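Structure record follows, encoded as structure tokens.
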Amino acid sequence: MRGAALFVGLLAAGLSACSRIPPARPHTVWVSDEQADVVHVIDGATLKETARLAVGRRPRGLALSPDGRTLYVAVSNDNRIAEIDVASRRIRGYLASGPDPERFAVSPDGAMLYIANEDDGAASALDIAADKLVRQTTVGPEPEGMAVSPDGRLVICTSEGASLVHFIDARTGALLDSILVGARPRDARFTPDGRRLWVTSEARATVTLFDVATRRRSAVIDLQKADPPPSVQAVSLVLTRAADRLYVALGRGDHAAEIDARTLKVSRYFPTGSRTWGIALSPDESRLYGASGLSGDLAVIDLKSGRRIADLKLGGRPWGVVTTP
């Protein structure tokens, strides 16, 4: 039945034959589903769902360990983080995350998780080996986006309720600075060299670029002025390895945007499902995946042609996406 549902989803996307789907190198797509309480496991080459992992109530944020062997999943309503062994696709165990974890970031050495605890208005540091919260920093209300610098020294937390980006000392947990951005900041990403930081603001539909050394804004991309689709927002984001292109999930705008990181201009929009929350690039960066909660599907976009080549009907409310080789 599951295979039949996927085939119907492909036909709904206007694909009469699988030969029309550009081939992809083998990889796996992991999608958290906050309504079905599972992580969907999808073969990227065939676009078939191969497993559903029941991780607990309301899984949302996803992140990989630096060695790629462990997938961490924020199980928000169970107040814990699931550990999934990527090779065996089995749940290895759970970590005590504090209340209502949503997004989180893994330290570059793989030793710590930095977690947004939405109910507590806090950013917590979790020692993975000890399974213990070792530090907690009070931040603005409704913390969500988390990022850690490539050198492991700086943690970023966004506060939706206060429209602030918090800069936190990773070693001590000290709050170093809080900078105002557009309304309801959602996601944050460092460039690989650690010199710049991107932050999305959902309600204002902006993407802000920070100079990390000065902790000051260097640019603001206003998606509402870039000939956008209706109801555009700015939610999740992902960078290419070369940091030359930035992709942004547009929430209720039902699209994803591609931004040229050098010119700071929107170069393309891609149609997705309804309320696109999480996005990810395939490991070879030839595809963009978009999880859409209201339509319950995963859009597959071929970045060479700019075409949406498939819609996988997953059901539930897909939230986050991660890919592995």
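Bear in mind that the values in this text are calculations on the coordinates, not laboratory data. Just so you know, these numbers come straight off a predicted model, no measurement behind them. Please note: Cβ atoms are built from the backbone with ideal geometry, for glycine as well, and neighbour counts cover all protein chains shown.
Of the residues making up segment 228-241, at least one is among the polar types (S, T, N, Q), surrounded by fewer than 17 Cβ atoms within 10 Å (Cβ to Cβ) and farther than 25 Å from Ser149 by Cβ. Applying the condition of being of a type outside the set (D, E, K, R) and touching a residue at least 40 places away in the same chain (Cβ under 8 Å) to segment 89-111 and asking which residue is surrounded by the most Cβ atoms within 10 Å (Cβ to Cβ) yields Pro101.
Output the residues belonging to segment 88-128 that are assigned to a loop (DSSP other than H, G, I, E, B) and either under 20 Å from Glu160 (Cβ atoms) or touching a Gly at 6+ places or on another chain (Cβ under 7 Å) (or both). Walk me through how you get there before you give the answer.
Applying the first criterion (assigned to a loop (DSSP other than H, G, I, E, B)) to segment 88-128 yields 88-89, 97-100, 107-111, 118-121, 128.
Scanning segment 88-128 gives Ser97, Gly98, Pro99, Asp100, Ser107, Pro108, Asp109, Glu118, Asp119, Asp120, Gly121.
Within the set of pairs 6 or more residues apart or between chains, which connect a residue that is without any contact (Cβ under 8 Å) to a residue 40 or more places away in the chain inside segment 52-76 to a residue that is polar (S, T, N, Q) with Cβ atoms less than 7 Å apart? From segment 52-76, the pairs are Arg57/Asn77; Arg58/Ser76; Arg58/Asn77.
Looking only at residues in segment 282-303 that are free of Cβ contacts under 8 Å to residues at least 60 places away in the same chain and among the polar types (S, T, N, Q), the one that is surrounded by the fewest Cβ atoms within 10 Å (Cβ to Cβ) is Ser295. From the residues in segment 179-227 that are of a type in the set (Ser, Thr, Tyr) and closer than 26 Å to His255 by Cβ, which one is surrounded by the fewest Cβ atoms within 10 Å (Cβ to Cβ)? The residue in question is Ser218.
Condition (residue is without any contact (Cβ under 8 Å) to a residue 60 or more places away in the chain, closer than 22 Å to His27 by Cα and of a type outside the set (Phe, Trp, Tyr)) applied to segment 304-312: is it met by at least one residue? Looking for residues that are without any contact (Cβ under 8 Å) to a residue 60 or more places away in the chain, closer than 22 Å to His27 by Cα and of a type outside the set (Phe, Trp, Tyr), one finds at least one in segment 304-312, hence yes.
Tally the residues that are touching a Leu at 6+ places or on another chain (Cβ under 7 Å), more than 20 Å from Asp127 (Cβ to Cβ) and surrounded by fewer than 18 Cβ atoms within 10 Å (Cβ to Cβ), restricting the search to segment 149-178. Total meeting the criteria: 1.
In segment 143-253, which strands (runs of 3 or more DSSP E) lie fully inside it and hold 2 or more residues that are closer than 30 Å to Leu303 by Cβ? First the steps, then the outcome.
Numbers: elements: 143-148, 154-159, 164-169, 175-180, 185-190, 196-201, 206-211, 216-222, 237-239, 245-249.
The strands (runs of 3 or more DSSP E) meeting that bar are 143-148, 154-159, 185-190, 196-201, 206-211, 216-222, 237-239, 245-249.
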